[in-house]
Every structure is written in C-alpha cells, then in structure tokens.
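Input: a single structure, listed below in structure tokens.
The values are calculated or read from the model by the stated rules, or taken from the named source; none is laboratory data. Since we're looking at a predicted model, the values are computed, not measured. Neighbour counts run over all protein chains shown; Cβ positions are idealised from the backbone, glycine included.
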Number of protein chains: 2
Amino acid sequence: MNATAQSAAQASYLSAPHAAETLRERLAQELPPEVMAGETLSYQRSTAPTSTTPAFVVWPETTTQVQCIIRHAARCGVPIYPISAGKNWGYGDACAPRDGCVLLDLSRMNRILEVNTELAYAVVEPGVTQGQLFETLERQNLPLWMDAVGAGPEASIVGNVLERGIGLGPYGDRFAHACGMEVVLPNGELLRTGLGAYEGAKARHLTKSAPGPQLDGLFTQGNFGVITRLTFWLMPKPQAFSAFFIRLHEDSAIEQLVEALRPLRLSGTLRCSVHAFSAMRVLGGFTRYPYHLASGEHALEREHPKLVASMLRRYRVPAWLAVGSLHGSRVEVRAAKKVLRRALAPVRSADVHFVSGKLAPWLRRAGRILERLGPLAKLGDPLNKIEAFVEFLQGRASTATLTGSHWRGRHEAPSNQDPLDTGSGMLWVSPLLPATAKDVREAQNIARACFHAHGFEYQTTLSQVSDRALCAIMSIQFDRESTNESARAQRCHDELVDALVSAGYVPYRGHPLTIARLHDKAKTHWALTRQIKDTLDPQETIAPGRYVPTRG
Amino acid sequence: MNATAQSAAQASYLSAPHAAETLRERLAQELPPEVMAGETLSYQRSTAPTSTTPAFVVWPETTTQVQCIIRHAARCGVPIYPISAGKNWGYGDACAPRDGCVLLDLSRMNRILEVNTELAYAVVEPGVTQGQLFETLERQNLPLWMDAVGAGPEASIVGNVLERGIGLGPYGDRFAHACGMEVVLPNGELLRTGLGAYEGAKARHLTKSAPGPQLDGLFTQGNFGVITRLTFWLMPKPQAFSAFFIRLHEDSAIEQLVEALRPLRLSGTLRCSVHAFSAMRVLGGFTRYPYHLASGEHALEREHPKLVASMLRRYRVPAWLAVGSLHGSRVEVRAAKKVLRRALAPVRSADVHFVSGKLAPWLRRAGRILERLGPLAKLGDPLNKIEAFVEFLQGRASTATLTGSHWRGRHEAPSNQDPLDTGSGMLWVSPLLPATAKDVREAQNIARACFHAHGFEYQTTLSQVSDRALCAIMSIQFDRESTNESARAQRCHDELVDALVSAGYVPYRGHPLTIARLHDKAKTHWALTRQIKDTLDPQETIAPGRYVPTRG
C-alpha cells in the first residue's frame, strides 16, 4: 500500500459529517473569516427535479487559498465541488452530484487580470462574469468584442469554457478560443497548461500550442483540477457588422436551411455559429405556459393547437427563427450578404433580414414608441427582442435570453431573470448531430415524440458547433413545484437520452443525470478517464461523480 | 505489488537483446511473415547529428496486428517505437530516442477508409501519405481540397497531425482540423476518442466534442498510445481561389509585415496560415552551399556577402517571400484582395502578386518556354517554383518544398528529394512567438547570432500558427558526413534552444535532443505527463523518451 492509499484509508476512518466538521475547523484556523462565512441554503436550489445539499460553502479569494482548501480537503477525505458562478442552468446549476460536498464557490475570484488590445485577449479568474467583462470593455472603450453565450450576464466565462459552451459569434466555440489554464491539482500543486508551464514564455496567452501532450482538453468537463485562471480570446471590433434573422414559416423548412447553411460554414463565409430557435422555444421568450387555460398534463401544441396558433400569431413567431452575424470590412460584409442571400433562395418559406449594428438603437426607440401607442405594444415586444439580440451578438449578454427559461414557472421573475426564483424546472438534453437534413429530421422526430408522450412542449435550439455538426439543445421545461411534473420531466429526460443515444445522437455535455446514462455506452473512454482520476486524485477530492464515473 | 508492476519486474529479468529476440519469436508465431520481413538499416538514417539502431522492425497491416504486437511487447518488456511514414525531417526522422526499440512501421496501414464529400472529411490510417490522399481526391474528381504541409508527398497525414504540424491553407493547423482517433493503448485495448467512443454515434467524424474530458490532445506529441486511424477534415473546393506572394526587399520590413497581417488574421480576412521565408531559406530552394568557393566553417552570408548577394540576384530572391491564399466566392475573394492590398500599403519595400488557380498551369508553360530559351532559364526556375507553390496551396504536396533541405548535402538528390540521400543534415528549432514586430526582431536577433557564431547560414520560415502567434522554423543545415559540422550543429542547436527558451520563445515541437532541454523548465507539466504515463503504460512499452520524460 503506497502513501497516498494509506492516507485515503485513514481519512475514511472519519465518518463523513465528522470529517467535514474537522475540515471546517482546520480551514477556519488558516483562512480569513470571510472565506468561511455565509449560508448554504441558496446552493441547494436547482432547476433540475432533484438537488443536493452541501456540507458547507467556502469563498476563496486567491489561488493560494484554493490550494490550501484542496490540500486540507484531501487530508480530511472530504470532497470538494468547485463552481465558478453556479449558473449552469439546465445542466445541474450549482449543485454537486451528491450530498455532503464542500462547495468551493469561486465567485469572489473575479479579477480581470489583463486585457490586451494589441493581441486581443483577456486573462480572467473563474468568478469573472460575461456581463462584467463586457462592461469593462465598454467602460474602457476598448476596440474589442467578446462572444457571449445565452446564460445571462451573471454566468462565468471560465465555467462556460470548461463546459465547452457555444456562443453565437465567430468565437462561438468557447473552448477553441481559450488557452493558458492555471489549475490547482488534487494534490494542491499548481499546473499551468500550454506555454504557461514555462516561466516567461511570451506566447503563453496566444496559442494552446506547446511541446508535449496537450492537457487543456483533459480539464474540460472533468474533475482533475480546479481552474483558477484562463486566457480568453477576444475579437477586434470589426469595421462592419451585420446581424441577420432568418424566419422560416414552415416547420420542415429547417431541414433545407441546415443544408443551405452547411456549405457557407465549410467555405468560411459564415464564421459565426448560427442558432435556430423552434417556434415553441421562441414563444417561451415572450410568454409562459397558460396554466389558466390548460392542465399542464399534456404538450400544449398537442392539446390546444388553436390556442398555440393564436399565441404564435400574437407574438409574430415564425416556425423557426435563425440568428447569426457577419463581420469584416465593409466590402467583405457586403460580399458575404450577397452569398448568404443567394444560398437562402431555395429554402422554402424563408425570409432574411439584416440589421447593422447602427440600426439596433433605432429598433430600441421604435419599440418604445410602439409600446406607448398601446394597441401596437405587441409589435414593440418583438422589436425589443431583436434589439437585445443584435446587442447580444456584439457581446452584451442579456437577461433577455433567460426569459425563455420561465415557461412553466409560476412565480414572477426577478430583475436578473433567475429561473430558480420562478419555480421553473429545466433539464437540457443537447445531442450532437451531423448538419444534414436527414439527421435534423431524425433527431427531432425522436425528441418530439418523447416530449409529447410525457406531456411537455417540444422546445429546441439548433446550434452550429463546428463546420460539420449541430447540437440540438432540447429543453424539458416543467413546473418544479409540481411533484407530478418533476417526476414526468425526469422520466422524459431518461427516455429521451436513451432514445437519442441509441439512434446515434450523443449529448455534448449534461446534467449528472444525463452523464450517468452514458457511462456504460463508452466503456473504454470512461475507464481511461477513471484511470487518470485514480492517479491524479486517488482520494476523489475534486467533484466526485462529475462527468468521470466514481470508483467501482 | 500489483499485477502490472509484477509483470514489469519479471520482464526486466530478461536482458534487453534477449527480450527482443523472445518478442521476435513470439510475434513470428502469431503474425503473417510479411509483418516480420525486411531490413532495419534504412531506419538508422537520420538528418540529425546522431541516430539510433532498432532491435528489429515490424510492418503490421491491421489494427488487430498492432494490438497483438503491443501486448506481446508489454509482456516481454521490449519498447516499441511507432512511426507512420517516418518522414519527420529535422525533428528525428524515423529514429527512436534510444537504441533497441522495436520499430512499429505503420506505412503498410495505408487505407483511405472513407471520403465523405457531403461533410468534407476523410478517414485515414497512419500510412496514408498526403500525396496519396491528394491523388485520390483528384483521380475521383471530388470537389474537396486537403491542406498540405511542406514535408513532401510521402509524409504521413496522421504522423503530421500527431506532431501538430502547420500547413499553409485555412486548415493549416492540422490538429485543429482532425478528430476521431482510434488508439491502441499500452495494454492493447482499443480506445476511440470523442464521439467514436459511442457505437454508431452519427457525428463522430464531424467534431471533437463529446461528453467528458477531451482526450485527443493527450495523444498528440505524446507516447500514451499508437494511433491507427483518424478523421481528417477536408475543404470543399472554393468557387474562387487566389494565391498571393508578398516580396519584401528589405530584411527588417518583415516586422512591419507581421504587424500588417495580424489584424487580417484576427478579423478573419486571412483564413490561411501565411508563411514567410527568409532570403537564405528561399535560396536553399534553388541551389546549395557552394563548397567549391567557401570553407563551410562560417556562415556564408558573413564570410562571403558579395557572393551571397550575387546568388540572391541570380535567382531573384527577395529579402523575404511570404506566401498565402484567399478562398471563397468570387465576390469574397475580390473583397479580401482589396483589404489585403490596403493593409500592405504601409509595409516598406513590399510588393504583392496574386495568382489565381487558373494562372498556375500558364506559369508552368511559361517556365518551360523560358528554359528552352537558354539564357533566360534562370527566370524559368522561379516561375516553376511559383507554379509548384500555387498547386501546393491547393493541396498538391510537392517534392519542391524539400529541395531546400539539401543545402549542405554533397550528394545528388534522388527523384523523391529525400534529404537522407544527399547527406544533408538538419535540426529544426521551432520557437513560438507573439505575432508582433518586437518579438520577431528579438527572436531573430538571438537566433541569427547563434547560427553565425557556429558558422551556419541563418535560414528561417515564419508561419502563422494561430491568429495571435507565429512559429519560426529555424533550420540548422549542415553536412552530416562532416564530423566537424555535425558537432557544431549540435552545439548550435543546444545553445539556440537554451537562448530562445530563456528569452521566452519555447519550441512547439522538436527532436528528442530539443525536448530533453525543456524537461527541467516546466517541471509540473512534465511530471503530470509522467504520472499519466505511469498509470497508462507502467512498463514504458510505447516510445519511451519521446516527449514525455523517462522515469526517474
């Protein structure tokens, strides 16, 4: 028995609550009181049907404090669950996969350590939110843009990169546009990935490239370390920018749209990640499930098709709304518009609207005027949405993208649109599919049937995750305060994941509930990650059960 | 002691040559004779000052045979060194870092398993060369392009991806445009990375994305497994294509050029990786070191500046020649040309020439006519070079890119331009630098002084490896048959690596001689890779000493 295994065995002598108490005492001796202060209640809330309870919460402010916490936790045999801002809506929020973990809340580590205009990057700590970085760029009037994701202004950049989230702009693939991780390993040591491993390496913020095996990928969707710093690439503000909105008035035209857009991504005309929202998904952004008119037992579009039709009409919601943007010099954007228009010509029932950056403030004003005119208010609402979207495409993360998350919530939304406050339940299942008509049809047929069978509206977003693949973010929305709906949502989730994976559509990330259903479907992969976990973290100090299967 | 450690201990009872003999016998019993047949002599040749001798060579044809070889090698405690085509010129060629390894030559595994036109990819085995894939695309008249690297038509695609090589087109970053590895692990098990881990996953050839830690990077520049299959993305043939050649007539103008091109990469106007060749590097493509006029003891440009000037004039070689290409629809390429011209206007002494794909055959004819005209032959030579380059930018890997590797060789080149046959020595040092004037100046000052101090011509290529970083491929060229020059080359290499790393310019890949000098400069990184090696390959069966440091 080696030294590490011995100390693991010693740790197991302590019963779990006792061990956590010991850890709390030791940390209280070494760390400032503000690291230890605070409540745990808010961390037990989740958009998922179930949630977990932490032992206690720590709020470190520095990497050294994180190292101290990890070292003591390993010694006491208490698991640690790191969260950046904890806004992983639909995929587990701030909850550890199991009870009794110490929550390592990194939101106080929120320094933007550097913004480099010449080489277009920012170095950020895990607590830095996308709203915060956007505000900083804007306040300092820097000629840089960031790519935003739909998780709202309070979502962490580092957290999203580590989950390999997908934004809407040319830097939509968040992980592909980041490098230089600083990682606290399970033994408390500090690792810098890439060139950061070399003292003074000048290109350390500029490329993932460095000699030897590339480790960054290992620390995404894993539990081999706590990331305390990251370089996040920014785009220079382009000379010209144009958002585009493609509306499809027939549902099945989405298949033609996917075929039309794929060549544009492959050829480089489209550098952004186009996201296409289904009608029910868009509707959720404007209003909620009408519990006063329907039971909640069945999918609204199946039970009350006429009601849905009138709601869609009211908010002028098309069958699909696809959103993207073009960037470059004025001549290039003009050229790309032509190519895009031409490519869309054969797409049935499609129209496309371009909105330049300059037009967005005008839309906002127009929306306000329409609102004041009373009966035309419903027109103003979509205009405000468009304006928010155009700004979103320029990096201003908006709470507007969160309004859709309240669909079956029954309480009023707070100003930050936190779905936890509306009682809204969400489980997101995000399968990867080839960007072809056939696969879009097949994956949707499976999903729609499953949603409807369990009495939920089929809401989905199709996002380009690479030049060749899409991810369909399928959102099971339910009333989390209803036991019945929660149970149905979980059954819907389980069947949906199994059916999709059987058909070859595997989620790209997921709630622990989702990932648990994948472990026996890719045994060698998960066994290898487990083997690496065993060597780097033999005591399972960091995030046990998150992605990598637990031992045994 | 666990089972693995026990069998490792048992293996060590066998003395090394005995163990190799045992392994050979066991393999001969299980595998067809053609896997075992053949000579080892050609594998001992290297462009480096020193080389190593393998125990014997095996030529498997299937993944199952590779698994069998790895399993037996692990049991016998004999290390295996896998090579794809063995053309890793300047970085170690086909040589293992040490004597006595069994060379696993994968060149007979040369099947192109699939070419998909709709989704633009090819699935290839490690023996597939870039020439072979290009010929296949052309013969079948498929509307797809591949990105070529300068290692000649006989270089392996998989081998180059695993070394994270850099080509010239929009898919220049080879590793960024590949996914879906099939890996034989040190225990003989088969791992499929990404979605390939899931039976029947439909997007497995289309994205690196998949749930859980991303492992592909781990298998690049490492020794954790033998890659037997890979998906390599291809570009759809663009509607329009234009190569461009930027000539700088003043040496220091390269700094301005780097500043001018960076914003174009950052903004997406340039999607290709521009490569800039220094005068001495270009000269090496036309002719050789004039041993009849100079001693070989000193850098030619220092000892005989007038001679060099006349040689440069003869071949019309500018101070720098930068090469790249534009792709897209006709309107887009036209727009990008405008933007590029405008960006180059402030670059001192620069001129730019655009050559469309259609013009290339014309150039070839013009070159031939000029050659026939006798006195103008010297004009024809550069034209042929341009033509070869334009075709190269369209994926036709050419032996023309290898002619520069014979600079100090004394024997005639064979038709495949193999540098091993000319007695040419090469050690390539490839530091990463920020794409800024300051860093280009600083890194070059360090390197030039070092080359000159050891009596070698300073030959370099600056390549864009990301939107923000360059890599300078510095080529120490020497007469490998001269003990004096070989010893000087090694000293030059050692000093160059140390000086560059001290200044913050770390190589992105390298010969084992280079990597050995980096191990104590990034201790946590290398210790972690060593820890992973210990758990995945406790007996060091696969490529001991390649990138990951050996135990102890």
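At-a-glance table
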| item | result |
| --- | --- |
| Cβ pairs under 7 Å, 6+ apart, first in the stretch B:403-422 and free of Cβ contacts under 8 Å to residues at least 40 places away in the same chain, second surrounded by 20 or more Cβ atoms within 10 Å (Cβ to Cβ) and outside any helix (DSSP H, G or I) | B:THR422/B:GLY409 |
| Set B:ALA343, B:ALA309: member being at pLDDT 95 or above, in the same structural domain as B:ALA388 (by TED's automatic domain parsing) and farther than 16 Å from B:VAL282 by Cβ | B:ALA343 |
| Subset tally (residues that are closer than 27 Å to B:HIS298 by Cβ and within 14 Å of chain A (Cβ to nearest Cβ)) for the stretch B:446-481 | 4 |
| Count of residues meeting criterion [within 20 Å of A:GLY200 (Cβ to Cβ), more than 8 Å from chain A (Cβ to nearest Cβ) and either in contact with a His (Cβ under 8 Å, 6 or more places away or on another chain) or without any contact (Cβ under 8 Å) to a residue 24 or more places away in the chain (or both)] in the stretch B:517-545 | 4 |
| Residue check for A:THR193: crowded, with 21+ Cβ neighbours inside 10 Å, touching a residue at least 40 places away in the same chain (Cβ under 8 Å) and among the hydroxyl-bearing types (Ser, Thr, Tyr) | no |
| Matching entry among B:SER329, B:SER325 (being touching a Phe, Trp or Tyr at 6+ places or on another chain (Cβ under 7 Å) and within 14 Å of another protein chain (Cβ to nearest Cβ)) | B:SER325 |
| Flag for B:ARG111 being away from chain A (no Cβ under 14 Å), surrounded by fewer than 22 Cβ atoms within 10 Å (Cβ to Cβ) and more than 30 Å from B:ARG488 (Cβ to Cβ) | yes |
| Residue under evaluation A:GLY552, criteria (1) closer than 25 Å to B:LEU528 by Cα; (2) at pLDDT 95 or above, criterion not met | (2) |
| Filter result (within 22 Å of A:TYR508 (Cβ to Cβ), among the aromatic types (Phe, Trp, Tyr) and at the interface with chain A (Cβ under 10 Å from one of its Cβ atoms)) within the stretch B:197-246 | B:TYR198, B:PHE219, B:TRP233 |
| Near pairs, Cβ below 6 angstrom, 6+ apart or cross-chain, from the stretch B:333-353 (surrounded by 12 or more Cβ atoms within 10 Å (Cβ to Cβ)) to any residue that is among the basic types (Lys, Arg) and assigned to a strand (DSSP E or B) | B:ASP351/B:ARG247 |
| Verdict on A:ILE69 being modelled with pLDDT of 90 or more, surrounded by 13 or more Cβ atoms within 10 Å (Cβ to Cβ), within 28 Å of A:PRO507 (Cα to Cα) and in contact with a Leu (Cβ under 7 Å, 6 or more places away or on another chain) | no |
| The stretch B:468-493, residues that are in a helix (DSSP H, G or I) and within 30 Å of B:GLU259 (Cα to Cα) | B:CYS492, B:HIS493 |
| Options A:ASN141, A:ASN116; residue that is facing chain B (nearest Cβ under 10 Å), surrounded by fewer than 21 Cβ atoms within 10 Å (Cβ to Cβ) and under 20 Å from A:PRO236 (Cβ atoms) | A:ASN116 |
| Among (1) within 26 Å of A:ASP147 (Cβ to Cβ); (2) buried (at least 22 other Cβ atoms within 10 Å of the Cβ); (3) out of contact with any His (no Cβ under 9 Å at 6 or more places or on another chain) - the single one A:SER356 does not satisfy | (2) |
| Failed condition for B:GLY180, given (1) within 13 Å of chain A (Cβ to nearest Cβ); (2) more than 30 Å from B:ARG281 (Cα to Cα); (3) within 20 Å of the chain's Cα centre (by Cα) | (3) |
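The rows are residues; the columns are (1) assigned by TED's automatic domain parsing to the domain that holds A:ASN445; (2) surrounded by 21 or more Cβ atoms within 10 Å (Cβ to Cβ); (3) under 17 Å from A:ALA447 (Cα atoms); (4) aromatic (Phe, Trp, Tyr).
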position: A:VAL497; (1), (2), (3), (4): yes, yes, yes, no
position: A:LEU500; (1), (2), (3), (4): yes, yes, yes, no
position: A:ASP520; (1), (2), (3), (4): no, no, no, no
position: A:HIS525; (1), (2), (3), (4): no, yes, no, no
position: A:ARG530; (1), (2), (3), (4): no, no, no, no
position: A:THR535; (1), (2), (3), (4): no, no, no, no
position: A:ALA543; (1), (2), (3), (4): no, yes, no, no
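Here's the yes/no breakdown for (1) over 14 Å from A:GLY77 (Cα atoms); (2) aliphatic (A, V, I, L, M); (3) modelled with pLDDT under 95; (4) surrounded by 12 or more Cβ atoms within 10 Å (Cβ to Cβ):
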| residue | (1), (2), (3), (4) |
| --- | --- |
| A:SER7 | no, no, yes, yes |
| A:ARG26 | no, no, no, yes |
| A:GLN29 | yes, no, no, no |
| A:THR40 | yes, no, yes, yes |
